[in-house]
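The values are calculated or read from the model by the stated rules, or taken from the named source; none is laboratory data. Note that the structure is a prediction, hence the values are computed from the model and not measured. Positions of Cβ are backbone-derived with ideal geometry, glycine not excepted, and every protein chain shown enters the neighbour counts. Each accessible area value is taken on the protein alone, full model and side chains, heavy atoms only, with ligands, DNA and RNA left out. Shrake-Rupley method; radii C 1.70, N 1.55, O 1.52, S 1.80 Å.
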Amino acid sequence: PTLQDLATASLEEVNQLWSGLGYYSRGRRLQEGAQKVVEELGGHMPRTAETLQQLLPGVGRYTAAAIASIAFGQATGVVDGNVLRVLCRVRAIGADPSNTFVSHHLWSLAQQLVDPAQPGDFSQAAMELGATVCTPQHPLCSHCPVQSLCQAHQRVSLPGEEVFRGPSE
Ligand code: SF4
C-alpha cells in the first residue's frame, strides 16, 4: 500500500504479490526503486522525467517519461515502440529509428505534440493507437482517428504511389 511497505517487504512477499503480472524482475526492480526512495531520498519520489531517470535504478528514458506524464502530469513526450511507429507513419519518416539522430528527432516530435493539459492521457492514447490501430503489419487506417493527419496514409491513397510502411519492424 505504501512505498515504505514495498521497501521493507521481503522479496518472497513481493514475488507472491507480483504473481500473474509478468516478469518477476519487474517486481524486484520496483522494490529496488522503492528502497532507494525510502532510504536515500527521504521518502520523496522524484516527480520529473529528468530526476526519475537520474535517481532511480533501472529507470530509462521511456519509463521516466511515462511515469512523469501519467502519474505526475508533467508535459513531457513519451516514445515507446508503438509511438515510434505511429510518429514515423504520420510524418512519413522512413529512416532507421535506431539511428541516434532519428531517435532524437522522434523524441523531440513527441515533445512538441504532447497535450500540456493532459499529457498522461495523450501519451497513453498514442501508445494505445499504435498497439490497437496502427499495428505493424495491418494498420486499420479506415478506423484511425488521425487518418486526416497521416502522411503515410496520404501516400498510400495516391494512385501509383508505393505503399509506405515506415521503418521495417
Ligand atoms: S492512418 Fe493508418 S498508417 Fe496512419 S497513423 Fe492511422 S493507422 Fe497508422
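Counting only heavy atoms of the protein chains and using a 1.4 Å probe, ASP96 has close to 90 Å² of accessible surface. Only Lys, Arg, Asp and Glu carry charge here, each on its Cβ (+1 for the first two, -1 for the last two); on that basis the chain has a dipole of about 360 debye about its Cα centre. Under the classification rounded if a/c is under 1.5, otherwise prolate if a/b is larger than b/c and oblate if not, where does the range 23-162 fall, given a ≥ b ≥ c as square roots of the Cα gyration tensor eigenvalues? Judged from the Cα gyration tensor, the range 23-162 comes out prolate (a/c at least 1.5, a/b above b/c). Counting Cα-Cα pairs of the range 1-77 in 5 Å increments starting at 0 gives whole-percent bin shares of 3, 17, 23, 23, 20, 11, 2, 0. A simple rule links phi to the HN-Hα coupling: the Karplus curve 6.51 cos²θ - 1.76 cosθ + 1.60 with θ = phi - 60°, which for the range 75-91 gives 7, 10, x, 10, 10, 10, x, 6, 5, 4, 5, 4, 4, 4, 6, 4, 9 Hz, with x for Gly and Pro. Ranking LEU129, ALA64, HIS105 by how far each Cα lies toward the positive end of the dipole of the chain (charges on Cβ) leaves HIS105 at the top. Residues whose amide H lies under 5 Å from that of THR135, counting only those 5 or more places away or on a different chain, are LEU140; hydrogens are built 1.01 Å from N in the peptide plane.
Positive end of the dipole of the chain, charges at C-beta (+1 Lys, Arg; -1 Asp, Glu), about the Cα centre: which of GLY42, GLY77, CYS141 has its Cα farthest in that direction? So the residue we want is CYS141.
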